[in-house]
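K.L.:
Shown below is the structure under consideration.
The values are calculated or read from the model by the stated rules, or taken from the named source; none is laboratory data. Here the structure is a predicted model, which means the values were calculated and not measured. Note that each Cβ is placed from the backbone with ideal geometry, even for glycine, and that neighbours are counted across all protein chains shown.
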Amino acid sequence: MEPLLPTFYAAVYESIAAHSRLGLNVVFEGGHHGAIHPGVLSDCARRLRGLPVLFVGVRCPIETIMKRRQESPVGRTGVGSPNDPVPMPVRLWQEEVHKPGLYDLEVDTSLLSPQDCAAVIRQRLAAGPPGTAFQQLAEDQEG
C-alpha cells in the first residue's frame, strides 16, 4: 500500500480543492508521509493553490502520547516496554510528522483540551486572513 500513498494523498487533496471551490469549508486531519515520500506535502499544497488554507500543527510531547496510549482501553499496541519505552514506529512518526515544521498555527494537546484547541483554531479563522504556510510549501516544490 505504501507505493500508492502519493496517489491517495493527491486524490484527497483534489477532493478538498473541489469542495472548497464550491464554497464548502473542509477540515482534514492527517499526517503526511514526507520521510517515505518526499515532496508529498508540497504536492498537496500545490493542489490547494489559490484556496484559503489554515495549516495547523497539532503537537503533543512524546511522554504524554505514551502515557495516553498506556491508559487507553483500546489500541494498546505500541505502548512500549522497559527496554524500549517509546517503540521505534511511534518515535519515527513523531520525528517525521512535523517536518518541515511550517504551520500557520500550532496547538499543543498536552496543554489544551480538544475543545480548547478547536476554540483557538476558530478564533484564528475568524481573525483571518487565511494562512500562508501552504503557499510557501507549494513554492518549495517549484523552487
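K.L.:
If you check Leu54 against the conditions, is it crowded, with 17+ Cβ neighbours inside 10 Å, within 15 Å of the chain's Cα centre (by Cα) and part of a helix (DSSP H, G or I)? Spell out how you get there, then give the answer.
P.N.:
Details: crowded, with 17+ Cβ neighbours inside 10 Å: yes; within 15 Å of the chain's Cα centre (by Cα): yes; part of a helix (DSSP H, G or I): no.
It is false that Leu54 is crowded, with 17+ Cβ neighbours inside 10 Å, within 15 Å of the chain's Cα centre (by Cα) and part of a helix (DSSP H, G or I).
K.L.:
Related question: Give me a count of the residues in segment 108-141 that are under 24 Å from Gly39 (Cα atoms) and either touching a helix residue (DSSP H, G or I) at 6+ places or on another chain (Cβ under 6 Å) or of a type outside the set (Asp, Glu) (or both). If you could, list the steps in order and put the result at the bottom.
P.N.:
Start the filter on segment 108-141 by keeping residues that are under 24 Å from Gly39 (Cα atoms), which leaves 130-141.
Keeping just the survivors that are either touching a helix residue (DSSP H, G or I) at 6+ places or on another chain (Cβ under 6 Å) or of a type outside the set (Asp, Glu) (or both) gives 130-138, 140-141.
Of the residues in segment 108-141, 11 are under 24 Å from Gly39 (Cα atoms) and either touching a helix residue (DSSP H, G or I) at 6+ places or on another chain (Cβ under 6 Å) or of a type outside the set (Asp, Glu) (or both).
K.L.:
Further question on the same structure: Output the residues belonging to segment 127-143 that are in a loop (DSSP other than H, G, I, E, B) and surrounded by fewer than 16 Cβ atoms within 10 Å (Cβ to Cβ). Step through it out loud before you land on a result.
P.N.:
Let us first name the residues in segment 127-143 that are in a loop (DSSP other than H, G, I, E, B), namely 128-132, 143.
Residues satisfying the conditions are Gly128, Pro129, Pro130, Thr132, Gly143.
K.L.:
Mind checking which residues of segment 71-81 are farther than 16 Å from Gln94 by Cβ and modelled with pLDDT of 65 or more?
P.N.:
If the condition is that a residue be farther than 16 Å from Gln94 by Cβ and modelled with pLDDT of 65 or more, then Glu71, Ser72, Pro73, Val74, Ser81 are the ones that fit.
K.L.:
Right, here's the next one. What's the total number of residues in segment 96-126 that are closer than 23 Å to Gln136 by Cβ and in a loop (DSSP other than H, G, I, E, B)?
P.N.:
Here the count works out to 8.
K.L.:
To continue, here is another question. How about segment 27-51: which of its residues are modelled with pLDDT of 85 or more, part of a loop (DSSP other than H, G, I, E, B) and within 14 Å of the chain's Cα centre (by Cα)? Spell out how you get there, then give the answer.
P.N.:
Keep residues of segment 27-51 that are modelled with pLDDT of 85 or more, which gives 27-30, 39-51.
Retained after the next criterion (residues that are part of a loop (DSSP other than H, G, I, E, B)): 27-30, 39, 48-51.
Once the filter is applied, which keeps residues that are modelled with pLDDT of 85 or more, part of a loop (DSSP other than H, G, I, E, B) and within 14 Å of the chain's Cα centre (by Cα), segment 27-51 yields Val27, Phe28, Glu29, Gly30.
K.L.:
If I go through segment 94-119 residue by residue, how many of them are loosely packed, with under 14 Cβ neighbours inside 10 Å, more than 18 Å from Arg68 (Cα to Cα) and of a type in the set (A, V, I, L, M)?
P.N.:
2
K.L.:
Among the numbered conditions (1) more than 23 Å from Leu4 (Cα to Cα); (2) free of Cβ contacts under 8 Å to residues at least 60 places away in the same chain, tell me where Val90 comes up short.
P.N.:
Every condition holds for Val90 apart from (1).
K.L.:
Looking at Arg21, Arg46, can you tell me which residue is under 21 Å from Gln136 (Cα atoms), surrounded by 12 or more Cβ atoms within 10 Å (Cβ to Cβ) and among the basic types (Lys, Arg)?
P.N.:
Just a single option satisfies the conditions, and that option is Arg46.
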